[in-house]
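Let me begin by presenting the structure, written as structure tokens, before commenting on it.
The values are calculated or read from the model by the stated rules, or taken from the named source; none is laboratory data. Worth saying up front: this structure is predicted, and the values here are computed from it rather than measured. In this analysis, Cβ positions are derived from the backbone assuming ideal geometry, glycine residues included, and neighbour counts consider all displayed protein chains.
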Amino acid sequence: MAAVRTKKRDQPAGAVGVLPARPGRERSERETEEIRALLQGRYDELCAEFDEATVAVEAMRLEQNTDRAGDDEVDSGTKASERERALSLIHSIAERRRQVEYAMVRLADGGYGWCEGCGSPIAVERLAVFPSATSCVACQQVAERRVA
Ligand SMILES: [Zn+2]
């Protein structure tokens with residue numbers, strides 16, 4: 001089989017604003033604002049996902065109630081497990097939303113985004129990926145090595 005050559009596409013400019021991490025310094029006002037916007041964006045996303053999942057589960061529930069007569073046992077079993085999966089998705093969304101909400105509260109009192117291990121500010125790009133991160137990359141790696 002011939003190797004397929006994929007052309008590398010350029011990243012859209014300004015898609016991700018990655019700041020260099022400089023451990024040991026204070027967090028600037030601008031950076032705090034950036035984190036606030038980031039958390040707010042994540043929160044809004046989770047709210048939308050939550051609503052979507054809730055609507056989906058409600059639709060499944062209605063469907064289950066209305067055409068149960070035509071289902072054989074396998075069918076209704078599949079539908080029940082589908083609904084269970086959707087419900088557990090809702091729970092995980094709600095949990096993530098709760099974490100983001102908590103992060104916003106802590107950010108407001110200045111207690112968010114600091115490494116529990118070394119006290120340095122956690123890099124903004126790390127918080128963007130893991131809003132509930134409580135340690136910087138270096139400390140996280142040390143902790144992971146300890147576990148492994
Ligand atoms: Zn650290």
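Residues in segment 44-52: is at least one exposed (fewer than 12 other Cβ atoms within 10 Å of the Cβ), in a helix (DSSP H, G or I), at pLDDT 95 or above and among the aliphatic types (A, V, I, L, M)? Yes, some residue in segment 44-52 is exposed (fewer than 12 other Cβ atoms within 10 Å of the Cβ), in a helix (DSSP H, G or I), at pLDDT 95 or above and among the aliphatic types (A, V, I, L, M).
How about segment 75-111: which of its residues are under 14 Å from Ala37 (Cα atoms) and in contact with a Ser or Thr (Cβ under 9 Å, 6 or more places away or on another chain)? Passing the criteria: Val100, Ala103, Leu107.
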